[in-house]
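Structure, as structure tokens:
Since every read-out is calculated from the coordinates, none of them should be taken as a lab result. Since we're looking at a predicted model, the values are computed, not measured. FYI the Cβ positions are ideal-geometry reconstructions off the backbone, even for glycines, and counts take in every protein chain you see.
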Amino acid sequence: MTLSHLHNRPRLPDRVVILGSSGFLGRGMAQVCAAAGIETIGLGSREVDLADASAGAQLAARLRPRDVVVFLSALTPDKGRDSGTLMQNLAMCRAVGEATRAVEIAQLVYASSDAVYSFATTLISEATPPAPIDLYGVMHRARELMLASEAKAPVAVLRLTAIYGTSDTHNSYGPTASCVRRSRTDAFRCSAMARRPATICTSMMRLASSLG
């Protein structure tokens, strides 16, 4: 899976619509867009609940032709790993696809995950076939396929891995802002501050391959 560039030269989007703007990635993207002078609107669940049955129409009413939509919204594993969470995430994706069929946007960017790959595979590349082993990975792969078949827009899928920062509330990777909670990520930061050995990632070979 590779990205196809539609312009010979880089160009700024007319407007970026961030779905999931209140989350860790959404806040960071909004800051980057603002610094670049790109008009941006952020939509969280308070503005449009993508899991609602009428979410497709609600979202379409907020979109303009030539928008670039960045789809970050998802119920993450800390919210649940069961089939109910899976179905809510798929309903959110269906709403996004419905909105793109109502409004002709310029681009849809979907933030997927390396969870679509089997964790038995240590080295991954764009040629590695997806083989999710849990419902979270299944969700992301199903969303990729849904958008590829149902969204009426050029779709770019980014399979992200090991994203962290001081404002991350999911406790997935790397350091956090406080050492009060003894979660996996807090332990990493506290170990680093105390100059003790720390595990950055359980599979550095896979991480290096993903980032390289």
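By the count of neighbouring beta-carbon atoms within 10 Å, fewest first, Arg141, Arg66 end up ordered Arg66, Arg141. Once the Cβ-Cβ distance of Ala35 and Arg101 is raised to the sixth power relative to R0 = 41 Å, the FRET efficiency obtained is 0.80.
Cβ crowding within 10 Å, taken as a proxy for footprinting-reagent exposure, orders Phe119, Phe71, Phe24 from fewest neighbours to most as Phe119, Phe24, Phe71. Once the Cα-Cα distance is subtracted from the 0.36 nm per residue extended length, the Ala194 to Ser22 segment shows a gain of 58.7 nm. With neighbours defined as other Cβ atoms within 10 Å of a residue's Cβ, the residues His7, His140 order from fewest to most as His7, His140.
Projecting the Cα positions of Ala36, Val96, Ile124 onto the charge dipole of segment 15-160 (unit charges on Cβ atoms of Lys, Arg, Asp and Glu, taken about the Cα centre) puts Ala36 furthest along the positive direction.
Given R₀ = 22 Å, what would the calculated FRET efficiency be for Ala156 paired with Arg64, taking r from the Cβ atoms and rounding to 0.05? Once rounded, the FRET efficiency stands at 0.70.
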